[in-house]
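Right, one structure below, let's go through it.
The values are calculated or read from the model by the stated rules, or taken from the named source; none is laboratory data. Since the model is a prediction, treat every value here as computed from it, not as a measurement. Cβ: placed from backbone, ideal geometry, glycine included. Neighbour counts: every protein chain shown. Accessible surface areas use protein heavy atoms only, side chains included; no ligands, DNA or RNA. Shrake-Rupley method; radii C 1.70, N 1.55, O 1.52, S 1.80 Å.
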Amino acid sequence: MTSAAWLKEQPVAHRGYHDMNKAVWENTLSAFSRAIEAGFAIECDLHYASDGVPVVFHDEDLERLCNLKGDVRDRTSKELGLLSVGGTSDKIPTLKQLLDLVKGQVPLVIELKGREADDEGFVEAVLEVLEGYEGKVALMSFDHWLLRELKALNAPYPLGLTAGGNNAEEFEVHEKAMSLGLDFISYFFADLPNPFITKQREKGIVVITWTVHDEKARKHTFENADQMTFEGFDPRASV
């Protein structure tokens, strides 16, 4: 296992430190620059462009963020890099562009957005871009097949399960993922506390939450987990 203890150290800005897509949009270089300035860790999402390049984008389709029809995976990274996010000057960045911006100034918590039976080369491409990067990086996913592949390829980063749920059937699925030897969990804050997370924390697994929007949720997080992924407020201004 790889230590994920550093995930406890600072709040994690969900898709960067955006302003809920008013002027600074999620998963853009502007949102990431703002997080760096504030000293927050950065959470972001990766999809796999049609030319085999990991790009920073959350949705499977382009409509919400780019006001265009179509699947993000049907376009090359160069084509995506021409698309405005939210009508701003920001374009869809590649993982490489994100790394070139951050340069180790703050930690990165990167979620891989998979599609079963359509992810050939995705994990390898992510690890290739990350190779030689000098900064704290953690990788996570909801998708167990991606986590298995990351473990099989001996990814030299803390690996985590992104999850939620509050019933025994869901906990059983999560336990199977954790049996891979994962290092941390990112869990939906409103589904805490629960027996699965309590057991994992007793084992020393670091737990962060998603997605905290206010002081009430922040308080709930720190009663039941180690750190939060947040958006929509400035935790520096909270008590």
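With N the number of residues in region 148-197, Rg(Cα) / (2.2 N^0.38 Å) evaluates to 1.19. Identify which of the listed values of Cα Rg over 2.2 N^0.38 Å was calculated from the structure shown: (1) 0.96; (2) 1.03; (3) 1.18. Given (1) 0.96; (2) 1.03; (3) 1.18, the structure-derived one carries the label (1). Backbone phi angles across region 218-233, fed through the Karplus curve with coefficients 6.51, -1.76 and 1.60 (θ = phi - 60°), yield HN-Hα couplings of 4, 4, 4, 4, 6, 7, 9, 8, 9, 6, 10, 9, 10, 7, x, 7 Hz in residue order; Gly and Pro are listed as x.
Working from Cα pairs under 8 Å separated by at least six residues, relative contact order for region 20-83 is 24 percent. Region 166-239 and region 129-156 have Cα centres lying 20 Å from one another.
Positive-end ranking of Gly16, Leu127, Cys44 along the dipole of the chain, with charges on Cβ about the Cα centre, is headed by Gly16.
Each listed q (0.18 Å⁻¹) maps to a log10 I(q)/I(0) for region 107-172, found by the Debye formula over equal Cα scatterers with no solvent: -0.68.
Heavy atoms of the protein chains alone define the surface here; on that basis the chain has 45 Å² accessible area per residue at 1.4 Å probe size.
Taking the Cα centre of region 1-125 as origin and assigning +1 to Lys and Arg Cβ atoms and -1 to Asp and Glu Cβ atoms, the resulting dipole is close to 480 debye. Pick out which of Pro93, Pro195, Pro107 has the largest mean-square fluctuation in a Gaussian network model of the chain, springs linking Cα atoms closer than 10 Å. Highest fluctuation among the options: Pro195. Over the chain, what is the relative contact order in whole percent, taking alpha-carbon pairs under 8 Å and six or more residues apart? Reported as a whole number, the value is 19 percent. The string of couplings for region 71-87 from the Karplus curve (6.51, -1.76, 1.60, θ = phi - 60°) is 8, 4, 7, 7, 10, 6, 4, 5, 5, 5, x, 9, 8, 6, 9, x, x Hz, one whole number per residue in order, with x for Gly and Pro. DSSP beta bridges confined to region 36-146 are antiparallel in about 40 percent of cases.
The packing ranking, built from the mean of other Cβ atoms within 10 Å per residue, places the peptides 200-208, 166-174 in the order 200-208, 166-174, highest first. Nonpolar atom fraction for the chain, defined as the carbon and sulfur part of the 1.4 Å probe accessible area, stands at 50 percent. Simple rule: put +1 on each Lys or Arg Cβ and -1 on each Asp or Glu Cβ in region 143-239, find the dipole, and look at Phe171, Tyr157, Ile208; the Cα lying farthest toward the positive end is Tyr157.
Per the Debye formula on identical point scatterers at the alpha carbon atoms of region 168-212, with no solvent, log10 I(q)/I(0) at q = 0.15, 0.20, 0.22, 0.32 Å⁻¹ is -0.33, -0.61, -0.74, -1.41. Within the shell defined by Cβ-Cβ distances under 11 Å, the residues around Asp45 carry a net charge of -3, with Lys and Arg each +1 and Asp and Glu each -1. What shape does region 86-200 have by the C-alpha gyration tensor, where a ≥ b ≥ c are the square roots of the eigenvalues, rounded means a/c under 1.5, and otherwise prolate means a/b greater than b/c and oblate the rest? Prolate. Only lysine pairs 8 or more places apart or on separate chains count here, and in region 37-167 those with Cα atoms under 30 Å apart total 22.
In terms of its C-alpha gyration tensor, region 65-136 has an oblate overall shape, because the principal axis ratio a/c (a ≥ b ≥ c, square roots of the eigenvalues) is not below 1.5 and a/b does not outweigh b/c. When the chain is described by a simple charge dipole with +1 on each Lys and Arg Cβ and -1 on each Asp and Glu Cβ, the residue from Pro193, His144, Leu80 located farthest towards its positive end is Pro193. The share of alpha-carbon pairs in region 1-105 lying farther apart than 17 Å comes to 51%. Please check: in the Gaussian network model of the chain (C-alpha springs, under 10 Å), which one of Phe222, Phe122, Phe189 has the largest mean-square fluctuation. In this elastic network of the chain, the residue with the biggest mean-square fluctuation among Phe222, Phe122, Phe189 is Phe222.
Close amide H pairs (under 5 Å, H built 1.01 Å from N) link Met228 with Val12, Thr209, residues at least 5 positions away or on another chain.
For the chain, modelled as a GNM whose springs connect Cα atoms under 10 angstrom apart, the maximal fluctuation among His18, His47, His213 occurs at His213. Using θ = phi - 60° in the Karplus curve 6.51 cos²θ - 1.76 cosθ + 1.60, the 3J(HN,Hα) couplings for region 142-155 round to 6, 8, 5, 5, 6, 5, 4, 5, 4, 5, 5, 8, 6, 4 Hz; x is entered for Gly and Pro. In region 139-239, the ratio of gyration radius to Kirkwood radius, Rg to Rh, stands at 0.99 when only Cα atoms are counted.
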